[in-house]
Amino acid sequence: MYVKLHNIEKSFGDFKASDHINFEIEKGKLVALLGPSGSGKTTILRMLAGLEYPDSGDIFIDGVRVNDLEASKRGIGFVFQNYALFRYMTVYDNIAFGLEIQKKSKKECKERVEELLELIGLKGMGHRYPHQLSGGQKQRVAFARALAPNPHLLLLDEPFAAIDAKVRQELRSWLKETINKVGITSIFVTHDQDEAIEVADEIIITNHGRIEQIGTPLEIYRNPTTLFTAQFIGESILLEDYGRLKGFEQEVRAAKAVIRPEFVKVTKRGEQLQFPNSVEEGVVEKLSFRGSHIEMQINVKGIQLVATRSLEENPVNLGEKVDVLIYRLFVYNGITASVVENMAIQDNAPIYI
Amino acid sequence: MKRSRRKQVIPGFGISMGVTLTLLSLIVLIPMASLVINASGVGFSTFWETVTDKRVLSGYYVSLLCSFTAAVVNAVFGVILAWVLVRYDFPFKRFIDGLIELPFALPTAVAGIALTNLYSDKGMIGQFLDQIGIKVAYTRIGIIIAMIFIGIPFVVRTIQPVLEDLDSQYEEAANVLGASKAKIFFRIIFPEIRPALLTGFGLAFARALGEYGSVVFIAGNMPFKTEIAPLLIMGKLEQFDYHGANAIALVMLAFAFLILFAINSLQIHYSKFTKQ
Amino acid sequence: MNKTNKKESKLVRNLLILLSIIFLFIMLVMPLVVVLSEALQKGFKLYIDAIQDKYTMKALLLTVEATVFAVIVNTVFGLFAAWSITKYHFKRKRLLTVLIDIPFAISPIIAGLVFILTFGRIGWAKEILDFLDMKIVFAVPGIILGTIFVTFPFISREIIPVLQAQGNDQEEAAAIMGASAFRIFRKVTFPQIKWAFLYGIVLCTARAMGEFGAVSVLSGHLRGKTVTLPLQVEILYSEFNFTAAFAVSSVLVILAIIILIIRNIIEHQMKKAGGNYVRKAS
């Protein structure tokens with residue numbers, strides 16, 4: 001394993017920022033630390049960088065215990081949330097800063113900076129100052145500056161948080177591509193689930209200073225193992241007494257279930273049904289237009305469900321009675337979460353995601 | 001915890017802290033400690049006798065009374081000046097804004113003799129006041145005038161930035177709701193500038209309490225009437241009564257820190273409302 | 001804001017402006033006028049003579065000397081203290097900032113007194129000074145020490161808020177890349193504080209040049225030896241040589257006005273630089 005955290009504990013006063021943190025990261029992976037604000041993800045990143053020190057536990061990078069190593073000796077590159085570009089230096093000098101410290105010759109510096117400027121698509125802009133750049137450009141310069149001294153590990157703190165929504169989308173795919181091209185092991189912090197799912201090879205979900213789940217985006221999406229993950233990823237509704245729904249049994253009374261809109265299939269009366277025996281009757285209570293689709297709120301036996309309907313399908317009306325089929329639920333029994341399929345369709349159901 | 005000494009991310013902690021603490025100790029802390037070292041060499045009864053001497057008590061009274069009055073006047077005019085400079089446009093505004101800082105730049109002795117001349121009974125302003133029976137130079141009013149002079153920039157400069165940053169939405173909202181101008185000022189704007197006003201008031205008060213140069217000329221220095229506490233210290237020093245000077249200085253210091261402490265507490269109380 | 005302004009009654013507005021101008025005129029402008037008119041009252045020749053007086057020139061030199069020392073020592077202290085307080089984590093940081101502000105909060109007379117009590121006749125350090133054959137009280141070193149003391153926090157006070165507003169990200173970024181403290185300071189930090197630093201120097205100069213109380217205690221008023229310009233003003237005034245006192249004062253007034261102008265230029269530059277930063281950070 002390239003990066004390894006073992007039993008890390010860290011408190012700020014009474015606030016427990018890291019509670020028993022353990023994880024390992026393979027070389028060359030692009031990993032997201034995902035969680036709500038205050039969940040301890042940035043603290044983990046800063047401890048890896050050497051900007052904070054754990055109260056106890058061990059941090060290994062490339063087999064070396066780095067706990068007592070200064071930030072500058074860890075061979076990492078760090079991209080700050082607000083870029084932290086040196087305001088009074090040109091783009092060129094920003095990128096060259098780390099190389100000059102390594103006492104590289106003028107020629108080597110120049111070659112490396114030019115190479116990086118090319119990589120980030122800012123060729124010929126080396127003479128500009130940070131305040132003459134757009135947010136996306138600053139982000140790219142910060143990225144190049146961190147990469148310049150050839151670090152073994154790249155850490156990025158909320159790399160897209162300070163960028164306009166439009167540019168962000170573009171920058172996400174650019175960053176993923178570029179990191180793959182460079183081949184550097186990278187960890188980034190984000191609070192945005194879409195960002196983590198889209199960019200990362202692997203996601204570490206944090207909550208209240210603890211790690212909730214680690215896995216590939218698909219694993220985490222399909223098989224959340226905790227209630228928090230089930231609710232945090234995707235759109236979801238929490239159900240207390242799901243046992244009333246056809247095809248599900250509530251084995252533990254205290255159990256809860258999480259349902260996502262994509263688990264619910266709504267069929268207009270008279271349209272062909274796939275599993276006529278397991279449908280519920282529901283009443284459409286609310287319709288809202290969401291741009292690409294319609295979101296419906298449907299009352300089934302007093303339980304409010306949310307489902308979506310394509311604009312291409314026959315429209316449903318307010319108050320209309322419809323057939324509702326629930327494919328599956330995430331059931332949380334108080335300890336772990338697992339996927340429970342509708343018993344009536346378990347055998348031959350195709351998987352819809 | 002294994003590590004008692006926290007590691008620093010930015011290098012150079014040792015030398016920076018070393019230089020800072022060395023200079024601070026050499027120039028401020030060690031000399032200040034002499035106040036305590038010396039005072040402890042004197043018995044308590046001598047100390048008490050010195051600081052409760054009638055003339056000394058009157059010195060504290062004159063100092064506190066005059067500097068408090070001056071700070072109040074400065075608070076009122078400070079708010080008006082800050083308001084006018086932030087909210088209104090008029091000719092020579094930048095010039096007037098720059099002028100506010102004059103008392104910081106002008107040597108206090110120069111201010112002292114200029115004010116004395118101005119307010120003496122033959123001076124440009126004093127002669128008119130003399131006709132209506134008001135004497136300023138060599139009275140407590142004179143002391144207060146000098147203290148207003150040196151304190152005014154403290155109040156204006158602490159309030160100005162707060163007024164500049166004040167979100168005009170609150171006022172507009174109140175305006176739409178039909179509140180009167182006076183009501184808007186006292187209910188909406190004043191609470192916002194209150195912490196800054198308190199800071200400015202405290203600084204002006206403390207500065208006036210310790211002021212010597214500008215006051216000593218205009219005061220006339222008559223015992224029991226216009227003799228301020230710093231002058232009493234000076235007087236003791238001239239008689240080489242170092243222990244007496246030391247005792248009075250310690251009491252003065254206590255007053256100054258009490259004022260700053262009280263202002264600080266009030267400020268913490270009020271800033272709860274303005275922080276969001 | 002303009003909308004509310006327009007609605008505001010003209011009368012109140014004009015009244016407040018008038019009140020402000022009268023206040024400033026009486027409190028600030030008139031004293032300047034008095035100094036200049038009194039200085040020139042007995043003709044230009046006498047004025048020039050008063051300024052060129054031997055003792056006045058010596059006082060001017062001593063004032064310059066004390067001011068230069070104060071600026072140098074406080075520059076070193078201000079930069080190190082501001083850097084230490086904003087760039088590192090350590091316990092009792094608040095206590096340190098309070099201690100640094102002490103000279104700002106106490107009477108200049110007490111500032112002078114503490115050096116008398118340390119180095120004077122009954123001072124505990126008197127024997128050390130005698131051994132070194134040095135004199136501080138009633139001598140030039142005392143004047144310089146007193147001036148340094150009263151202006152001690154001036155430079156650090158201007159730099160600390162600027163550094164606090166900017167945070168430590170840039171310095172941390174440089175530290176991760178292995179830059180030395182000196183390199184970080186020179187390349188990353190100093191360019192950001194240069195205006196605040198200059199501003200602090202200007203304030204320090206103004207205060208050092210005009211210091212009266214502390215210097216008055218420590219001077220002993222030895223003419224031509226331990227008398228600074230403000231003390232020279234006092235001596236002339238107490239000898240009822242008013243014209244000369246105001247003539248010397250006028251020199252200080254002119255210096256004060258020059259300082260004010262420089263101060264305003266620097267403030268303008270700071271607002272420009274600061275505004276730029278705020279916009280970028282948002």
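Read-outs: derived from the displayed coordinates by stated rules, not from any lab. Here the structure is a predicted model, which means the values were calculated and not measured. When we count neighbours, we look across all protein chains shown, and the Cβ atoms used for this are built from the backbone with ideal geometry, even at glycine.
The antiparallel fraction among DSSP beta bridges confined to the protein assembly as shown stands at about 75%.
With the simple model of a label 7 Å out from the Cα in the direction of the Cβ, C:ILE72 to B:LYS225 spans 4.8 nm.
When the listed pairs A:LYS166/A:LYS246; A:LYS103/A:LYS123; A:LYS106/A:LYS181; B:LYS181/B:LYS272; A:LYS110/C:LYS194 are checked against a 31 Å cut-off, the alpha-carbon distance exceeds it for A:LYS166/A:LYS246. Farthest toward the positive end of the dipole of segment B:178-276, out of B:ALA256, B:PHE224, B:LEU266, is the Cα of B:LEU266, where the dipole comes from beta carbon charges about the Cα centre.
Straight-line reach from C:LYS54: taking Cα to Cα under 22 Å and skipping same-chain neighbours fewer than 8 places apart, the lysines in range are C:LYS42, C:LYS45, C:LYS225.
Charge dipole (Cα centre; +1 on Lys/Arg Cβ, -1 on Asp/Glu Cβ; no other charges) of the protein assembly as shown amounts to roughly 1720 debye. Farthest toward the positive end of the dipole of chain C, out of C:LEU236, C:SER9, C:GLN192, is the Cα of C:SER9, where the dipole comes from beta carbon charges about the Cα centre. Taking the Cα centre of chain C as reference, the dipole from Cβ charges on Lys and Arg (+1) and Asp and Glu (-1) amounts to some 1200 debye. Given +1 at the Cβ of Lys and Arg, -1 at the Cβ of Asp and Glu and no other charges, the dipole of segment A:86-227 around its Cα centre is 680 debye to the nearest 20. Under the criterion of Cα pairs below 8 Å and six or more residues apart, the relative contact order for segment A:227-351 equals 29 percent. If a paramagnetic tag sat 7 Å from the Cα of C:TRP124 along the Cα-Cβ line, which residues of segment B:247-274 would have the backbone N under 17 Å from that point? Residues B:247, B:250 qualify, since their backbone N sits under 17 Å from the label point. Ordered by the number of other Cβ atoms lying within 10 Å of each residue's own Cβ, fewest first, A:LEU33, C:LEU203, A:LEU273 fall into the sequence A:LEU273, C:LEU203, A:LEU33. Secondary-structure-derived ellipticity at 222 nm for chain B, considering helices only, amounts to -23500 deg cm²/dmol, per-run term -39500 (n - 2.57) for DSSP H runs with n ≥ 4.
For A:GLY209, the amide hydrogen comes within under 5 Å of the amide hydrogens of A:GLY40, counting only partners 5 or more places away or on other chains and with H modelled in the peptide plane.
Of the residues C:ILE116, C:LEU32, C:VAL251, the one whose Cα sits farthest towards the positive end of the charge dipole of chain C is C:LEU32 (charges of +1 on Lys and Arg Cβ, -1 on Asp and Glu Cβ, taken about the Cα centre). For the pairs A:LYS4/C:LYS87; B:LYS236/C:LYS58; B:LYS54/C:LYS126; A:LYS73/A:LYS104; C:LYS58/C:LYS126, flag any whose C-alpha to C-alpha distance is greater than 22 Å. Distance filter (> 22 Å) returns A:LYS4/C:LYS87; B:LYS236/C:LYS58; B:LYS54/C:LYS126; C:LYS58/C:LYS126.
In terms of other Cβ atoms within 10 Å, A:VAL339, A:VAL264 run from fewest to most in the order A:VAL339, A:VAL264.
So how do A:TYR88, A:TYR332 line up by other beta-carbon neighbours within 10 Å, fewest first? The partial results should precede the final answer.
Details: A:TYR88 17, A:TYR332 24.
Fewest-to-most ranking of A:TYR88, A:TYR332: A:TYR88, A:TYR332.
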